[in-house]
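Peer 1: Let me begin by handing over the structure; questions about it come next.
The values are calculated or read from the model by the stated rules, or taken from the named source; none is laboratory data. Computed from a predicted structure; not experimentally measured. No Cβ is skipped: glycine too gets one built from the backbone with ideal geometry, and neighbour counts run over all protein chains shown.
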Amino acid sequence: MPRTRPLPSNDYARRVAGQFISISETRLNTSPPRRLHLNVNILHSGFVPSAWRLPDADPRAFIDVAHYVRVAQIAEAAKFDAVFLADNASIADQIDFRPITALEPTVLLAAIAAATTHIGVIGTASTSYNEPYNIARRFATLDHVSGGRAGWNAVTTADLGSARNFGRDTVPVHAERYARAAEFTSLVKALWDSWEDDALVGDKAAGRFIDTSKVHPVAHRGEWFSVAGALNLPRSTQGHPVLIQAGGSADGRELAARHAEAVFSAAQSFDESAAYARDLKSRAAAYGRGPEAIRVLPGLTTIIGATEAEALRRRDELVDLIPWSYSLNRLAGTLGVAADTLKLDERLPDDLPLPGGGNGNHTFFHATLAQARTHGYTARQLIRALAGGGGHRVVVGTPEQIADDIEQWFKGGAADGFNLMPDALPDGLQDFVDGVVPILRQRGIFRSEYEGRTLRDHFGLQRPVSPHASADSGLTVNA
């Protein structure tokens, strides 16, 4: 695992930090060809709820670190940007039928980082039921442990089970969750930026370890939080973790526009995703951020066969292994209605309101409803089209067909890449790596080798500079 070496002098630290900035500036000035970004979302046994029932699947994979490491190593061998772990602070699925997200992401990602060398490690942590200092420290630690490969996916949490696990009888209202999230995220960034790059001196001869004038308390008092700071560890190789956001509501887009460097989105159509990307980048511009400040990465489930008929047969076999009662309950949960209001062989009710009076998950509600309305699906047809899932787009076909779809979205500006969710893991990912990746490389849109070691390198993002950097350090703050 990469290790951070102490710096022998301030001059040396300034030179190293300056090299990072020069590299970033050179990258921008030479305008390298745009490259597709691919992450794999390790949803335990796979995206399709019945994936754990396949003959080669291990029902205990959802709590087996070796399973996650194997998936990450397959993705790294294919030169993916990152692995991603979702999270939930409650039992939010029907555990009588399927495995759930159970292991805490940052602990699991540290184990993955120890077993890999290049691939990024991105984890989810909620702004609703955590404290900024703990999250800043946890992900900064993961960034050091991984050698600059960490990313934090900042989310708000809207399910009642999580609220009750943290002493609340109700879910905080949507506006309150996002007001807290905005202050939370700003504070985490301030803590990550509280050390200047050359604060760590490590001068053995002079007996001088830290230049304390370059470690800055955040001294924050806000509506939600009061934190003295500074953070208790220095900046990492990539400056600080990449900040990622997932949310499709107006409040979520505004949070992403201000802070996110990548966004995990959900869209069922090219036009919907292209409009989302335009809107997000327009909002970011209002904060003085450039068009390359954010990577838009929609979720994409792939079900692959040697022929289209074979792929469709695989999808149907997987869906038919899911009890219809489970699928109907899951769909009802996404839409925020009682399951008995949905009939398998009837279309969805008209005029469905936002879940929880607008207090539920906007992203998956809109994505699921768009799929149903666009195609006129009955509930049964919708469940099959979503492969039993909860709102992300599903593409079923041959490697060539899937590569065509990815290329169209990428070149047409609907996506900078994708957060892949193969139907089953690790087999579905291996099918993608063996069949689709070579085609993407032949078309010149996906890398054959890593060009750097950090997650920022993979995403083509600038290394952030502490806003406290002094004028004589030779450093400039990135916009």
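A quick yes/no check of all residues on (1) within 27 Å of Trp192 (Cα to Cα); (2) of a type in the set (A, V, I, L, M); (3) not in a strand (DSSP E or B):
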| site | (1), (2), (3) |
| --- | --- |
| Glu254 | yes, no, yes |
| Ala257 | yes, yes, yes |
| Val263 | yes, yes, no |
| Ala285 | yes, yes, yes |
| Glu292 | yes, no, yes |
| Arg313 | no, no, yes |
| Asp316 | no, no, yes |
| Val319 | no, yes, yes |
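Peer 1: From (1) within 28 Å of Gly376 (Cβ to Cβ); (2) surrounded by 23 or more Cβ atoms within 10 Å (Cβ to Cβ), pick out the condition that doesn't hold for Tyr276.
Peer 2: Unmet for Tyr276, out of (1) within 28 Å of Gly376 (Cβ to Cβ); (2) surrounded by 23 or more Cβ atoms within 10 Å (Cβ to Cβ): (2).
Peer 1: Can I ask one more? Can you name the condition, by its number, that Gly388 falls short on among (1) at pLDDT below 95; (2) surrounded by fewer than 23 Cβ atoms within 10 Å (Cβ to Cβ); (3) in contact with a Lys or Arg (Cβ under 9 Å, 6 or more places away or on another chain)?
Peer 2: Evaluating Gly388 over (1) at pLDDT below 95; (2) surrounded by fewer than 23 Cβ atoms within 10 Å (Cβ to Cβ); (3) in contact with a Lys or Arg (Cβ under 9 Å, 6 or more places away or on another chain) leaves (2) as the failure.
Peer 1: Additional query: Inside the stretch 115-143, can you point out the residues that are of a type in the set (D, E, K, R), touching a residue at least 60 places away in the same chain (Cβ under 8 Å) and over 21 Å from Arg221 (Cα atoms)?
Peer 2: The one that is of a type in the set (D, E, K, R), touching a residue at least 60 places away in the same chain (Cβ under 8 Å) and over 21 Å from Arg221 (Cα atoms): Asp143.
Peer 1: Please identify the pairs in which a residue from the stretch 210-224 that is on the phi > 0 side of the Ramachandran plot and at pLDDT 95 or above has its Cβ atom under 9 Å from the Cβ atom of a residue that is surrounded by fewer than 16 Cβ atoms within 10 Å (Cβ to Cβ) and in a loop (DSSP other than H, G, I, E, B), counting only partners at least 6 apart or on another chain.
Peer 2: Cβ pairs passing all conditions: Ala219/Ala228.
Peer 1: Starting from the stretch 59-84, keep only residues that are more than 12 Å from Ser45 (Cβ to Cβ), then list their pairs with residues that are at pLDDT below 95 and in a loop (DSSP other than H, G, I, E, B) whose Cβ atoms are within a distance under 6 Å, requiring at least 6 positions of separation or different chains.
Peer 2: The qualifying pairs do not exist here.
Table: residues versus (1) buried (at least 17 other Cβ atoms within 10 Å of the Cβ); (2) in a helix (DSSP H, G or I); (3) modelled with pLDDT under 95.
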site: Tyr68; (1), (2), (3): yes, yes, no
site: Ala75; (1), (2), (3): yes, yes, no
site: Ala89; (1), (2), (3): yes, no, yes
site: Asp96; (1), (2), (3): no, no, yes
site: Val107; (1), (2), (3): no, yes, no
site: Ile135; (1), (2), (3): yes, yes, no
site: Ala163; (1), (2), (3): yes, yes, yes
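Peer 1: Something else now. Looking at Ala256 and the list (1) in contact (Cβ under 8 Å) with a residue 40 or more places away in the chain; (2) crowded, with 23+ Cβ neighbours inside 10 Å; (3) not hydroxyl-bearing (Ser, Thr, Tyr), which single condition is not satisfied?
Peer 2: All conditions are met except number (1).
Peer 1: One residue is enough: does the stretch 235-251 have a residue meeting the conditions over 22 Å from Asn88 (Cβ atoms), at pLDDT 95 or above and in a helix (DSSP H, G or I)?
Peer 2: Scanning the stretch 235-251 turns up no residue that is over 22 Å from Asn88 (Cβ atoms), at pLDDT 95 or above and in a helix (DSSP H, G or I).
Peer 1: Please work out if Arg463 is among the basic types (Lys, Arg), surrounded by fewer than 19 Cβ atoms within 10 Å (Cβ to Cβ) and either in a loop (DSSP other than H, G, I, E, B) or more than 18 Å from the chain's Cα centre (by Cα) (or both).
Peer 2: No; evaluated as a whole, the condition is false for this residue.
Peer 1: Hey, another quick one. Consider the stretch 212-258. How many of its residues are under 19 Å from the mean Cα position of the chain (by Cα) and of a type outside the set (S, T, N, Q)?
Peer 2: 18
Peer 1: Can we say Ala181 is crowded, with 19+ Cβ neighbours inside 10 Å and either at pLDDT 95 or above or over 20 Å from Phe264 (Cβ atoms) (or both)?
Peer 2: So Ala181 passes the test.
Peer 1: Please work out which residue is surrounded by the most Cβ atoms within 10 Å (Cβ to Cβ), limiting yourself to the stretch 77-87 and to residues that are of a type outside the set (Lys, Arg) and assigned to a loop (DSSP other than H, G, I, E, B).
Peer 2: Asp81
Peer 1: Further question: Considering only the stretch 176-194, state which residues are touching a residue at least 40 places away in the same chain (Cβ under 8 Å) and more than 22 Å from the chain's Cα centre (by Cα).
Peer 2: Once the filter is applied, which keeps residues that are touching a residue at least 40 places away in the same chain (Cβ under 8 Å) and more than 22 Å from the chain's Cα centre (by Cα), the stretch 176-194 yields only Ser194.
Peer 1: Quick check: anything in the stretch 213-226 assigned to a helix (DSSP H, G or I) and of a type in the set (Gly, Ala, Ser)?
Peer 2: Yes, because at least one residue in the stretch 213-226 is assigned to a helix (DSSP H, G or I) and of a type in the set (Gly, Ala, Ser).
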